[in-house]
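Q: Sharing a structure here in structure tokens format.
The values are calculated or read from the model by the stated rules, or taken from the named source; none is laboratory data. Source: prediction; values computed, not measured. Glycine gets a Cβ as well: all are built from the backbone with ideal geometry, and neighbour counts include every protein chain shown.
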Amino acid sequence: MRSSSTKTDEEGRPIPHNSDNSTVLPGETKVVLDAIGAGIVTHMWFTFLGPEKHPWAPNGSATHQEMVLRIFYDGNEKPGVEVPFGDFFANCFGKRSEVISLPVIVEDADSYNCFWHIPFKKSIRIEIVNQSKEKNISLLYYNIDWIKKEKLPKETPYFYAKYRQEYPTVGEGDYLILETEGKGHYVGTVLAVRTRSPSWFGEGDEKIYIDGEEKPSIWGTGTEDYFLSAWGSNQTCILPISERSILINGE
């Protein structure tokens, strides 16, 4: 099954032209999938204009930092996913960068692909919110691919994504990435750090406390080590399950 920005006629047939895109005005929400029943989203693809001025968007488009991705499951009013669009695709601080990994691909910093499997048991609604006060989301194209199921096993887990930030951070205290309760499987983190110092910031060790532990079961050796590097990170590295993008003076 597919939910797409492709325009159709009154009988549901695709209209053969290339203007099958949407404009999302400031403060508006675009629903890109609204499905009833059980199923699994297997792939999401998006593209839209960047913030630069363009003949089709003289004032530029909203940045992905001004967009929010929300996913609601089974009629719940609280979203299971509510994250700045760019951060969900490992593009942070409003900058576009290429990402080539197994779960997420941002090809040539233009097309945003998600391959996380996202199951739902009764219904699903996926939205993009334009939080810009001035700019439209211009030329939004999308394809949401999903498999329709009669039902899913009762123990099938849901996909959740949580966003948080601190600025400034609290100093020497640990930065909290996730705190949650219940049964689940942690699959990963997108971490973005803005530093004023030219020295390396990443001597913080990752610590993972499981099931109420007072001491962490997992205590790492450094921030860059957690992301499969070592001895500091001074260059971009693309790997199937990890990526590092380095911005110097915003570039």
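Q: Pick out the one residue from Lys135, Lys183 that is in a loop (DSSP other than H, G, I, E, B), surrounded by fewer than 11 Cβ atoms within 10 Å (Cβ to Cβ) and either in contact with a Lys or Arg (Cβ under 7 Å, 6 or more places away or on another chain) or at pLDDT 90 or above (or both).
A: When all the criteria are applied, what remains is Lys183.
Q: Could I ask something else about it? Please work out if Ile100 is under 19 Å from Ile137 (Cβ atoms) and either hydroxyl-bearing (Ser, Thr, Tyr) or touching a strand residue (DSSP E or B) at 6+ places or on another chain (Cβ under 7 Å) (or both).
A: Judged against the criteria, Ile100 is not a match.
Q: Taking segment 161-176 as the region of interest, how many residues are surrounded by fewer than 16 Cβ atoms within 10 Å (Cβ to Cβ) and either touching a helix residue (DSSP H, G or I) at 6+ places or on another chain (Cβ under 6 Å) or in contact (Cβ under 8 Å) with a residue 24 or more places away in the chain (or both)?
A: 5
Q: Still on this structure: All but one of (1) part of a strand (DSSP E or B); (2) under 24 Å from Lys151 (Cβ atoms) hold for Pro79; state the number of the condition that does not hold.
A: (1)
Q: Would you check which residues across segment 196-212 are in a loop (DSSP other than H, G, I, E, B) and either surrounded by 10 or more Cβ atoms within 10 Å (Cβ to Cβ) or assigned by TED's automatic domain parsing to the domain that holds Val83 (or both) and list them?
A: Trp200, Phe201, Gly202, Glu203, Gly204, Asp205, Glu206, Tyr209 - these are the residues of segment 196-212 that are in a loop (DSSP other than H, G, I, E, B) and either surrounded by 10 or more Cβ atoms within 10 Å (Cβ to Cβ) or assigned by TED's automatic domain parsing to the domain that holds Val83 (or both).
Q: Restrict the check to segment 40-47 and report whether at least one residue is at pLDDT 95 or above and not in a strand (DSSP E or B).
A: no
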